[in-house]
Amino acid sequence: MFTHITVGANDIEASRKFYDAALGALGVAPSVLDPMGRGWWRTDRGSFGVTKPIDGDPACHANGGTIGFFAKSPEAVDAFHAAGVEAGGTSIESPPGPRQGPFGTLYLAYLRDPAGNKICALHRPNT
């Protein structure tokens, strides 16, 4: 459905360090800087980027927004969470683990990145 998602960041290098660690734990290659200084992570499922806002205003997180990243296993979710915290992220909500919801059981971990953006890693058992 999506080709790419970007989030704002005031400190691109802090965000790259965080996402290289957290997404690296999910098997995503390290970021590449484009000519505009934005960091990009690419997979066959799409692209994710961090950028300073083009309008020159400070970056801020989306209140109520969450970006979820695919994880192949519960262990990958746990590794994402640990790597993200180690690289400057903040653990939020419940600890990593299973959650029961309208779509069945999901295994999730939530973090805030250095700019305050809310992200999660999600594994759907049996998919």
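The values are calculated or read from the model by the stated rules, or taken from the named source; none is laboratory data. Model, not experiment: these values are computed from the prediction. Here Cβ is always computed from backbone atoms with ideal geometry, including for glycine, and neighbour counts include all displayed protein chains. What goes into the accessible areas is simple: the full protein's heavy atoms, side chains included, and nothing from ligands, DNA or RNA. Shrake-Rupley method; radii C 1.70, N 1.55, O 1.52, S 1.80 Å.
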**OP:** May I ask for the angle, rounded to the nearest 10°, between helix 74-86 and the longest principal axis of the chain, with both axes built from Cα atoms and the value confined to 0 to 90°?
**Re:** 40
**OP:** Averaging sequence separations of C-alpha pairs under 8 Å and six or more residues apart, then dividing by the length of the chain, give the relative contact order as a whole percent.
**Re:** 27
Original post:
Assigning unit charges at the beta carbon (Lys, Arg +1; Asp, Glu -1) and nothing else, what dipole magnitude in debye, to the nearest 20, does the chain show about its Cα centre?
Top reply: 300
Subject >> Accessible surface, the chain, averaged per residue in Å² (probe 1.4 Å) >> reply: 58
Original post:
Simple spin-label model, 7 Å along Cα-to-Cβ: PHE70 to ILE92 in nm?
Top reply: 2.5
**OP:** With a 1.4 Å probe and every protein chain kept in, tell me what percent of the accessible surface of the chain is carbon plus sulfur.
**Re:** 56
Original post:
Want the number for ASP11 to ASP57: 0.36 nm per residue separation, take away the alpha-carbon distance, what's left?
Top reply: 15.3 nm
Original post:
By how many degrees, 0 to 90 and rounded to 10, does the Cα axis of helix 12-24 deviate from the longest principal axis of the chain?
Top reply: 30
